[in-house]
1. Rounded to the nearest 0.05, what FRET efficiency is calculated for Trp199 and Asp40 with R0 set to 41 Å and r the Cβ-Cβ distance?
2. Test of understanding: ordering Leu186, Leu160 by Cβ neighbours within 10 Å, fewest first, what list do you get?
3. Test of understanding: what is the full-extension gain from His64 to Arg88, defined as 0.36 nm times their sequence separation minus their Cα-Cα distance?
4. Give, in nm to one decimal, the length gained when the segment between Lys302 and His163 is fully stretched (0.36 nm per residue of separation minus the Cα-Cα distance).
5. Using the number of other C-beta atoms within 10 angstrom as an exposure proxy, rank His213, His35 with the fewest first.
6. What is the order of Arg149, Arg243, Arg111, Arg215, fewest Cβ neighbours within 10 Å to most?
7. Leaving out same-chain residues fewer than 8 places away, which lysines sit with a Cα under 16 Å from that of Lys158?
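Each value in this text was obtained by applying a stated rule to the coordinates, not by laboratory testing. Keep in mind that this is a model prediction, so the values were computed, not measured. Counting neighbours? That spans all protein chains shown, and the Cβs are built from the backbone with ideal geometry, glycine included.
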Amino acid sequence: MLTNLQAAHSWIDFPASPEDREIPRATQAITRESHWRQIDRGPEAAVEDVAISRWEDSRSTSSHDATTPQDCYFVGIALKTTRAKLTRERQIIFDGTMPAGTLYLTAPSKRLGVQFQSPCAFLHFHISTDHFPAQFSEADGLNDLVLLRDPLAAELAKTLIEHGDAADHQFTRCIGQTLAMHLTRLESPRARVNALPKWRLRRVEQYVADHFHRRISLSELADVAGLSRMHFAAQFRAATGYRPREYLLNHRVEHAKTLLATTERPLAEIALAVGFSTQAHFSTVFKRISDQSPARWRLASKGRRHEMQALPPRRRSLESDWISAAA
């Protein structure tokens, strides 16, 4: 089920760490997963009410499934844009693009399957039910929840990544508690309208991808979906977390980022190429969505690429995916 929140960062950077900085696995607050959603615990590891792990997979396709333990909720936060299909008991929970900052949640004792259709990276939170009101477990109110580009989730993930191995267990526990409070304050997704069916959504997404460089009206998109304007707008927002116009603007900004990172074309020319009538409007929208002006974003993108070139070969290969996601 989906709920609406405004767009956050389009990617989350991974700061480089010195090659010789090694911290024993037993003392790390954020562990690496060897299998999806499974934390590798030593025999003497203490059971924590908030545990955080990191999952990365560079393969173009992969499939996994796991059951959430009966005493905790599972929360995943995407660190880079990926495409995924979430299923539970043959029911499709989500099927589409997950931008960086996307959050999804599974309730205790629930089995979830996933098919990733591109490389992926996630922070996984395993949070004790003690941090959630009892009524959520009883009513199954927090389950199969997907928040596209959740701003708070993106900031919490970014904070953890910036601390890296320096993050201690008390710090990660505070982050997990903050995330739990954020989720419990959300409006119940059951009160929202039905999401736009996947086949209609794919038609609209493809239409936007083919025509984003020109003006697209709400009526035009509603016609593509085969619905009235009112029903289309409500169902599209339930399925994506965006109003149709917000989705179009985000698509234009993401395409602009590719041009900014890979070409030297002037800003005014890029603005027109992605569908904005003026450079001023382009800059305003770009900064609202990305928290940076196009010029500063381009400069930062070049800086990240230069930093990657300075890394040792082994670290450079690990970082290359994040640079590509940023572009």
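1. Working: r = 40 Å, r/R0 = 0.98.
Once the sixth-power term is evaluated, E becomes 0.55.
2. Neighbour counts put them in this order, fewest first: Leu186, Leu160.
3. Extra length from His64 to Arg88 when fully extended: 7.5 nm.
4. Numbers: separation 139, 0.36 × 139 = 50.04 nm, distance 2.33 nm.
Residue separation times 0.36 nm, minus the Cα-Cα distance, leaves 47.7 nm.
5. So the residues, fewest neighbours to most, are His35, His213.
6. Arg215, Arg111, Arg243, Arg149
7. Lys80
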